[in-house]
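These notes are about the structure you will find just below.
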Amino acid sequence: MESNNIGVLMTCPMNSHLEQELEKRFKLLRLWTVRDRSKFLAAHRNSIHADVGNCSVCANAELIEALPKLEIVASFSVGFDKIDLAKSKEKGIGVTHTPDVLTDDVADMAIGLILMVLRKFCESDRFVRSGKWKKGTFMLTTKFTGKRVGIIGLGRVGMAVAKRVEAFSCPIGYYSRTEKPEIKYKYYSSVVKLAANSDILVVICPLTEETRHIINREVIDALGPKGVLINIGRGLHVDEPELVSALVEGRLGGAGLDVFEHEPEVPEELFGLDNVVLLPHVGSGTVETRRDMADLVIANLEVHFLKRPLLTPVV
Amino acid sequence: MDYHQKQQSPSQTLPPDHLLPVLVIRSPSMPPFFFFKSHLQAHFHLLDPLDASEPAHSFISRHAPSVLALLCVGNTPVSSETLSLLPSLKLVVASSAGMDHIDLQECRRRGISVTTAGHIFSEDVADFAVGLLIDVLRRLSAGDKYVRSALWVAKGPYPLGLKLGGKRVGIVGLGRIGSEVAKRLLAFGCNIAYYSRKEKPYVQYPYYATVTDLSTNSDALILCCSLTKETHHIINRNVMEALGKEGVIINIGRGALIDEKELVNFLVQGRIGGAGLDVYENEPSVPQQLFAMDNVVLAPHAAVYTPESLEALQELVVGNLKAFFSNEPLLSPARLE
């Protein structure tokens, strides 16, 4: 099969380096540039052999059904909650993601968020820039070293978060589907128990049916008015309206959020709070890592069309 | 009157006349009820010139014969002039990590002991330094602003930041704070090197004999040294040029460690990558040109201000004063070289 005739569908803009590299090797079709998507897909249904998506739009059942020649879905993300895995398996479609290359950046950002919330960097930066420092002193903030950190999900990123948190002498607890006996951190058999025994709760598990709204009212109450929630997983991990009312009413001490239920929309009630840090889904957002992720997507596509084993299949 | 013989047990609540006097030196801009005042008043008779109706000078002179100990609040200057008003003075209790506002030479000459805030702030300051570095590289404060101004909706994805892992971090001053910073950044996969007056024998990080050399071989500099005559403007134009246009400077030491005018020029001209600053040459004045920059994070000298650090400071201040009046070893004496 002539490489340049292989149609690769890209669902949305995600990285210009990736686009350039895809264009060199394949016939790149940019789904977001057309007005009538179904018409477009129908017109190209026989030439699209690969789909490249990300954590916003990837490959749901509808898209998979529309592309009978689809052989591989390569996600520009580590999460695969926007891919219908069952349907892909049914059709014999390979699915890849980008684990490991972004582990460090996401873990770094988790710590960044913790420090930002506890030490109020955003608020104090506003304090200086608005001239308020000339009129008074800034408020006290909360120490991070030594605080109890609870991690939900001890996969690659969860372990990387734990490693960093250890350097701040924080006791670490975790919740996972099953206890990991080789891990030295304290295991809690429920998220509520973990929350009740943590000062800071970090969400970093995959988004599945079971983990949807894993942070609910009960967990928020257990974390309490001095507790801080850090979400670097997916917006849907958290019952967002519950979280917002808990923060507004002071029932939760603070939150650092990189993900939201309806990105890029963020509940406006949070904008006026100084104990909340809001980021535009930048967990893997560095020049170096996005490039590495792009290279991994390309490499997976290349090996697939060379009929060699996928490098980072979703297992 | 020999106070060491006549001292009362400080733990009893006694009327002011029976408590040992401690002169308080604080600047007028400081809040009148500085946080550990009530705790101290339970143990000592605080003499605060700013609370008196008479001019400070005459208040101090009047009480001078009975003043053996002085408490310096924050970075209020304790000059040789102030010291000369206190002929009986034997102890200066500082309440900050930095000592650059106290005439240590004069204290040494007079045989006056000085106590510092020791290492109680080190963890908070190290945490703060790491936070500033992540913030600058990953543009987190700017990202939060982006979301709150509804730009995520209007303009789409936020510009990419720079990865922390693998960065070469140069620590200027490997004291307690510098060591705590290094320990944390190792966990993020940073490569640590340092500059110090002298190489430290048991340290595993590479040593550079000059700050310029360190800078040439670093992606980020973190200033953790104290301010002295030698370290004044230790970060100058040469150092910044050596650091380069992707380089980042984090300052949690003292403003005067950096030639601030040059720093501003370098930032404005894009000759340096970014900066995270908690201290400035003329606090609370901050160069206005920095306000519009996304690659700069500004904090109001806030690194030590957590309830945990302040409580520990309170214990230490009271502990040092009690030790002094009981003729016991001071808890955190400064080395007066």
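The values are calculated or read from the model by the stated rules, or taken from the named source; none is laboratory data. Just so it is clear, the model here is predicted, and its values are computed rather than measured. Counting neighbours? That spans all protein chains shown, and the Cβs are built from the backbone with ideal geometry, glycine included. Heavy atoms of the whole protein, side chains included, go into the accessibility calculation; ligands, DNA and RNA do not. Shrake-Rupley method; radii C 1.70, N 1.55, O 1.52, S 1.80 Å.
The figures follow:
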| quantity | calculated |
| --- | --- |
| Within the protein assembly as shown, percent of DSSP bridges classed antiparallel, to nearest 5 | 5 |
| DSSP H segments from chain A that extend 18 Å or more along their own axis, Cα-based, with Kyte-Doolittle mean of -1.0 or above | A:103-119, A:287-305 |
| Kirkwood hydrodynamic radius of chain B, from inverse mean 1/r over distinct Cα pairs, in Å | 21.8 |
| Candidates B:Val304, B:Val248, B:Val268, ranked by Gaussian network fluctuation over chain B, Cα under 10 Å, top entry | B:Val268 |
| Calculated over the range B:79-203: convex hull of Cα atoms, volume per residue (Å³) | 160 |
| DSSP loop chymotrypsin sites (Phe, Trp or Tyr not before Pro) with at most 10 other Cβ within 10 Å: longest gap in chain B | B:34-201 |
| Estimated buried accessible area (total), pair A and B, 1.4 Å, Å² to nearest 100 | 4900 |
| For the range A:189-266, projected area of the alpha-carbon convex hull averaged over all directions, nm² | 4.6 |
| Cα shape, the range B:223-295, gyration tensor, a/c 1.5 rule | oblate |
| Convex hull of Cα atoms in the range B:140-186, direction-averaged projection (nm²) | 4.6 |
| Estimated FRET transfer efficiency when R0 is 51 angstrom, pair A:Ser189-A:Glu62 (beta carbons, to 0.05) | 0.85 |
| Peptide A:101-108, shielding by other chains (average Cβ, 10 Å cutoff) | 4 |
| Label-point separation, A:Glu302 to B:Ser27 (7 Å along Cα→Cβ), nm | 6.0 |
| Relative counts (whole %) of C-alpha pair distances in the range A:1-113, using bins that are 5 Å wide | 2, 11, 21, 23, 20, 11, 5, 4, 2, 0 |
| Whole-percent carbon and sulfur share, accessible surface of the range B:206-322, 1.4 Å | 47 |
| Segment A:Lys226-A:Asp274, length gained on full extension (0.36 nm per residue, minus Cα span) | 15.9 nm |
| Chain A: equivalent-ellipsoid semi-axes (sqrt of 5 x gyration tensor eigenvalues, Cα, Å) | 39, 22, 18 |
| Equivalent ellipsoid, the range B:275-324 (semi-axes from 5 times Cα gyration tensor eigenvalues, Å) | 34, 12, 6 |
| 0 to 90° range, to nearest 10: angle between helix B:122-138 axis and chain B longest Cα axis | 20 |
| Chain A - mean residue ellipticity at 222 nm from DSSP helices (-39,500 (n - 2.57) per run, n ≥ 4, rounded to 500) | -10000 deg cm²/dmol |
| Cα gyration tensor, the range A:274-315 - rounded (a/c under 1.5), prolate or oblate | prolate |
| Peptide-level mean, for B:296-304, of C-beta atoms on other protein chains within 10 Å | 6 |
| Solvent accessible area, Å² - B:Asp294, 1.4 Å probe, full protein context | 80 |
| Averaged over B:151-163, number of beta-carbon atoms from partner chains that fall within 10 Å | 6 |
| A:Lys82 - accessible surface, heavy atoms, 1.4 Å probe, Å² rounded to 10 | 90 |
| Pairs of alpha carbons in the protein assembly as shown whose separation is greater than 35 Å (percent) | 49 |
| Gap separating the Cα centres of the range B:86-112 and the range A:293-309, nearest whole Å | 68 |
| Radius of gyration and Dmax over the Cα atoms of the range A:223-315, both given in Å | 18.3, 57 |
| Rounded FRET efficiency, nearest 0.05, which uses the C-beta distance separating A:Lys87 from B:Phe291 and R0 of 56 Å | 0.60 |
| Hull shadow area, averaged, the range B:215-337 [alpha-carbon convex hull, nm²] | 9.6 |
| Pair A:Ser169, A:Ser47: separation of 7 Å Cα→Cβ label points (nm) | 6.4 |
| The range B:323-337 versus the range A:94-142: alpha-carbon centroid distance in Å | 39 |
| Under 5 Å, built H, 5+ apart or other chain: amide partners of B:Gly161 | A:Thr286, A:Val287 |
| Expected-Rg normalisation [2.2 N^0.38 Å, Cα atoms] applied to the range B:22-160 | 1.53 |
| Within a Gaussian network of chain B (alpha carbon springs, distance under 10 Å), most fluctuating of B:Leu290, B:Leu174, B:Leu162 | B:Leu162 |
| Whole-Å semi-axes of the ellipsoid equivalent to the range B:32-108 (Cα gyration tensor, √5λ, descending) | 18, 17, 12 |
| Lysines whose Cα lies under 22 Å from that of A:Lys91, excluding same-chain neighbours fewer than 8 positions away | A:Lys69, A:Lys82, A:Lys307 |
| DSSP beta bridges in chain A [antiparallel fraction, %, rounded to 5] | 5 |
| Antiparallel content of DSSP bridges confined to chain B, in %, to 5 | 5 |
| Cross-link partners of B:Lys145 among lysines (Cα-Cα below 21 Å; sequence separation of 8 or more within a chain) | A:Lys120, A:Lys132, B:Lys155, B:Lys163 |
| The range A:135-184: trypsin sites (Lys or Arg not before Pro) in DSSP loop, at most 15 other beta carbons within 10 Å | A:Lys135, A:Arg177, A:Lys184 |
| Computed helical MRE - 222 nm, chain B, DSSP H runs ≥ 4 contributing -39500 (n - 2.57), nearest 500 | -9000 deg cm²/dmol |
| Extension gain, B:His232 back to B:Arg110 (0.36 nm per residue minus Cα-Cα distance, nm) | 41.4 nm |
